[in-house]
Amino acid sequence: MGILRYVVQGFGWEVGRQVAKEGMDALSEELREKEPPPPPTRRELKAQRKEEARRNKAIEAELRRIKKAAR
């Protein structure tokens with residue numbers, strides 16, 4: 001009876017370890033999803049400003065074209 005007790009206890013420890021590991025993984029995944037994104041780098045900011053300037057230029061050109069067509 002003694003050896004069976006240790007086998008069952010060992011099985012219980014293994015199941016408990018697996019459940020705890022899955023719980024910790026799920027919790028860390030949930031926490032990672034809630035983290036704010038890292039701030040943009042200088043290169044990304046420069047690219048964003050460049051894209052915004054290009055977009056503004058295109059809008060201005062379209063407005064000039066529309067004004068010219070309205071005359």
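Derivation of every value follows stated rules applied to the coordinates shown; laboratory data play no part. Just so it is clear, the structure is predicted and the values come from calculations on it, not from any experiment. Using ideal geometry, Cβ is built from the backbone for each residue, glycine included, and neighbour counts are taken over all protein chains shown.
By what distance, in whole Å, do the Cα atoms of region 13-71 stretch along each of the three principal axes, largest value first?
Dimensions of region 13-71 along the principal axes of its Cα atoms: 83, 26, 12 Å.
Working from Cα positions, state the angle (0 to 90°, nearest 10) between the long axis of helix 42-70 and the longest principal axis of the chain.
40 degrees
Just want the answer: with Cβ charges of +1 for Lys and Arg and -1 for Asp and Glu, which residue in 15, 59, 47 is farthest toward the dipole's positive end in the chain?
59
What's the angle, to the nearest 10 degrees (0 to 90), between helix 2-34's Cα axis and the longest principal axis of the chain?
Helix 2-34 sits at roughly 10 degrees to that axis.
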